[in-house]
Amino acid sequence: MTKIVNHWIGGKAVEGASGTFGPVTDPATGAVTTKVAFATVDEVDAAVAAAKDAWATWGTSSLAKRTAILFKFRALLDEHRDEIAELITAEHGKVHSDALGEVARGLEIVELACGITVQLKGELSTEVASRVDVSSIRQPLGVVAGITPFNFPAMVPMWMFPIAIACGNTFVLKPSEKDPSVSLKLAELLAEAGLPDGVFNVVQGDKVAVDRLLGHPDVKAVSFVGSTPIARYIHTTAAANGKRVQALGGAKNHMLVLPDADLDAAADAAVSAAYGSAGERCMAISAVVAVGAIGDELVGKIRERAEKIKIGPGNDPSSEMGPLITKAHRDKVASYVTGAAAQGCEVVLDGTGHTVEGFEDGHWVGLSLLDRVPTSADAYRDEIFGPVLCVLRVDTYEEGVALINASPFGNGTAIFTRDGGAARRFQLEIEAGMVGVNVPIPVPVGYHSFGGWKDSLFGDHHIYGNDGTHFYTRGKVVTTRWPDPSEAPSGVDLGFPRNH
């Protein structure tokens, strides 16, 4: 019997009423294992209404109550992390260790939300004029929504809703229809932790659900992570409807390797950053820029390491890389490799013919490596979102920086060098939101914010960290003048001496 994934509205699972379902496959076998219900406009409205009703009390609840629930949720997440990782592997395909790492990074943001009291402190200025004080406070927005991608079905939602609900908002999540089961598990754990009904809701679905959230008058803010074209659409549409928006888009992350770098360390970093999670992450290194004469040696070291990576089902403990999410995505990724030579690339490793014995119908692409890639090639210009690494050659540091800064994306970037002066110049001159120095995937820890520049981010706020708190709250400034108690009207005795 095929499993069915439904919605979570008002504190309980709600069976989909549309009669429309999407297939969810096991990427390792290609078999449809689950059906996910697609929400109607009415079902989205019901989730928003439940969130709005819950906000009437949750928005004025004490910080102590909110954080106590989040502490319980954090403990339950830790207790069930293996179970959540297994759900991720079953529907996304990533190996178990990658799935566990995803849960750990989500836990980091839950821990940040548990300590949200510090971020929500206001400010006070006394005696700005005679007996006049000015204070600043931050208040929740109301109902907020999150629209999240397939590549991190646990982590990315947890970049959003823990901070949102800790700040006093209620939340409606629209997860990816490709791997939806984790969203319901998170909802169940939140309920078990004591979260009041309606504070967290899940609507499964497609563009119908997304568009209704973007246009619903009771949704005050929308958070999104996904591709650049969709991020641009989310930002434009939601902003036109008067909503606050943070929309994180795609990337083409570069790693600049200087001639003085430790090439073994750089090759190790390139392989893990390009091929980890099968390259299906917005912070993957997909372009290595080799400076000077080191290119041949660096490519050789990358190839040597890449050829040793074991590809197989994510639930096989010996697998180091799993399949891609769908057959259609697998075919698209493979097309960049098969078309690379005609566009001037040197194909060092071609993984398009890779199969796994006993799992021939899985969505497999082997590790692929392209060298001497021109900037005009599709493999360089597009976000591939798969295990394809491009190597570009430049003569100087300045040429490398200019090449990276010419990219329309500005999510993350890295430099590998032993020279502190070069690293300092790089972090100041490069046009990207997150920079690694001898760190290939510079995803910030939870108390710093995550976000890119240029076509990698639409909106004014990065996600989680201090930016997350600011995004999910509104500032209010109160100016107060109180008369001196000695000036109380005649007949009112406050116990102060009269001055007349």
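Could you work out Rg/(2.2 N^0.38 Å) for segment 1-74, with Rg from alpha carbons only?
On the way: Rg = 16.9 Å, N = 74, 2.2 N^0.38 = 11.3 Å.
The reported ratio for this selection is 1.50.
Let me spell out the model: positive unit charges on the Cβ of Lys and Arg, negative unit charges on the Cβ of Asp and Glu, origin at the Cα centre of segment 150-297. What dipole size does that give, in debye rounded to 20? The partial results should precede the final answer.
Working: 11 positive and 15 negative charges, 191 e Å.
Computed charge dipole of segment 150-297: roughly 920 debye.
Give me the base-10 log of I(q)/I(0) for segment 216-281 at each q in 0.15, 0.20, 0.25, 0.30 Å⁻¹, Debye formula, one uniform scatterer per Cα, rounded to two decimals.
-0.63, -0.80, -1.01, -1.21
Using 11 Å as the cut-off for backbone N distance, which residues of segment 182-219 belong to the label zone defined by a point 7 Å from the Cα of ALA75 along Cα→Cβ?
What the label zone holds, given the 11 Å backbone N cut-off, is 193.
Using the basic label-point model (7 angstrom from Cα toward the beta carbon), what is the ALA328 to THR396 distance in nanometres?
For ALA328 paired with THR396, the spin-label model returns 4.7 nm.
Give, as ranges by residue number, the residues of segment 32-64 whose backbone N falls under 18 Å from the point 7 Å along Cα→Cβ of SER135.
Residues passing the 18 Å test: 60-64.
Using a 1.4 angstrom probe, figure out how much accessible area the chain has per residue, in square angstrom, rounded to the nearest whole.
Working: 20310 Å² over 500 residues.
Using a 1.4 Å probe on heavy atoms only, each residue of the chain averages 41 Å².
Determine how large the accessible area of ASP460 is when every protein chain is in place; take a 1.4 Å probe and give Å² rounded to the nearest 10.
Answer for ASP460: close to 140 Å² accessible.
Give me the Kirkwood hydrodynamic radius of segment 393-453 in Å, from all C-alpha pairs, to one decimal place?
Numbers: mean 1/r = 0.0828 Å⁻¹.
Result for segment 393-453 stands at 12.1 Å.
Going by alpha carbons, how many degrees (0 to 90, nearest 10) lie between the helix axis of 181-192 and the longest principal axis of the chain?
30
If you take every DSSP beta bridge whose two residues both sit in the chain, what share of them, in percent to the nearest 5, is antiparallel? Write out the running numbers ahead of the final one.
Working: 30 of 73 bridges.
If I count the DSSP bridges inside the chain, around 40 percent turn out antiparallel.
So what is the calculated 222 nm ellipticity per residue for the chain, using -39500 (n - 2.57) for each DSSP H run with n of 4 or more, over all residues, to the nearest 500 deg cm²/dmol?
Working: 15 runs with 178 residues, N = 500.
Value at 222 nm, helices only, nearest 500: -11000 deg cm²/dmol.
Label points 7 Å out from Cα along the Cβ direction at SER318 and ALA17: separation in nm?
5.2
With all protein chains present, calculate the accessible area of HIS96 using a 1.4 Å probe and round the result to the nearest 10 Å².
Around 60 Å² of this residue is reachable by solvent.
Could you let me know the centre-to-centre spacing of segment 403-417 and segment 360-400, using Cα atoms, in angstrom?
That distance is 14 Å.
Tell me, in nm to one decimal, what length is gained between LYS308 and GLU360 on full extension, where the rule is 0.36 nm per residue of separation less the Cα-Cα distance? The partial results should precede the final answer.
Numbers: separation 52, 0.36 × 52 = 18.72 nm, distance 2.03 nm.
Stretched out fully, the LYS308 to GLU360 stretch lengthens by 16.7 nm.
To the nearest 10 square angstrom, what accessible area does ARG474 show with a 1.4 Å probe?
For ARG474, the solvent-accessible surface is approximately 130 Å².
If I compute solvent accessible area with a 1.4 Å probe over the protein chains, what percent of it on the chain is carbon and sulfur?
Numbers: 10710 of 20310 Å².
That share works out to 53 percent.
Kindly provide the pair-distance distribution of segment 17-147 built from C-alpha pairs, with 10 Å bins from 0 and whole-percent values in order of increasing distance.
With 10 Å bins starting at 0, P(r) equals 10, 22, 29, 24, 8, 4, 2, 0.
Could you tally the net charge around PRO317, taking each other residue with its Cβ under 15 Å from the Cβ of PRO317, Lys/Arg +1 and Asp/Glu -1?
Numbers: positive: LYS94, LYS310; negative: ASP82, GLU86, ASP98, ASP316, GLU320.
Charge balance in the 15 Å sphere: -3.
Using a 1.4 Å probe and counting only protein heavy atoms, arrange VAL435, VAL271 so the residue with the most accessible area comes first. Please report the intermediate quantities before stating the final value.
On the way: VAL435 50, VAL271 15 Å².
Accessible-area ranking of VAL435, VAL271, largest first: VAL435, VAL271.
Once the Cα atoms of helix 228-240 and of the chain are each reduced to a long axis, what angle between those two axes, in degrees from 0 to 90 to the nearest 10, is obtained?
Approximately 20 degrees, to the nearest ten.
What percent of all Cα-Cα pairs in the chain falls in each 10 Å bin, counting up from 0?
4, 19, 27, 24, 15, 7, 3, 2, 1, 0
For a quick size check, give me the Cα extents of segment 354-488 along its three principal axes, largest first, whole Å.
So the extents along the principal axes, rounded to whole Å, are 87, 46, 27.
Counting Lys and Arg as +1 and Asp and Glu as -1, what is the net charge of the other residues whose Cβ lies under 11 Å from the Cβ of GLY205? List each step's numbers first, then the result.
Working: positive: LYS174, LYS207, ARG212; negative: GLU43, GLU177, ASP206, ASP211.
Combined, the nearby Lys, Arg, Asp and Glu give -1.
Would you work out which of GLY59, VAL24, ASN6 lies farthest towards the positive end of the dipole of the chain? Charges go on Cβ: Lys and Arg +1, Asp and Glu -1.
GLY59
Give me the net charge for the shell around ALA379: Cβ to Cβ below 13 angstrom, other residues only, Lys and Arg +1, Asp and Glu -1.
-2
With charges set only on the Cβ (+1 for Lys and Arg, -1 for Asp and Glu), what does the dipole of segment 105-181 come to about its Cα centre, in debye to the nearest 20? Could the numbers behind the result be given before it?
Values: 6 positive and 7 negative charges, 25 e Å.
With only Lys, Arg, Asp and Glu charged at Cβ, the dipole is about 120 debye.
Using θ = phi - 60° and the Karplus curve 6.51 cos²θ - 1.76 cosθ + 1.60, what whole-Hz ³J(HN,Hα) does each residue of segment 68-81 get, with Gly and Pro shown as x?
So the J values, rounded to whole Hz, are 5, 5, 5, 4, 5, 4, 4, 5, 5, 4, 4, 5, 9, 4.
The values are calculated or read from the model by the stated rules, or taken from the named source; none is laboratory data. None of these values were measured; they are calculated from a predicted model. Heads up, the Cβs are rebuilt from the backbone with ideal geometry, glycines too, and the neighbour counts pull from every protein chain shown. The area values use the complete protein model at the heavy-atom level, side chains included, leaving out ligands, DNA and RNA. Shrake-Rupley method; radii C 1.70, N 1.55, O 1.52, S 1.80 Å.
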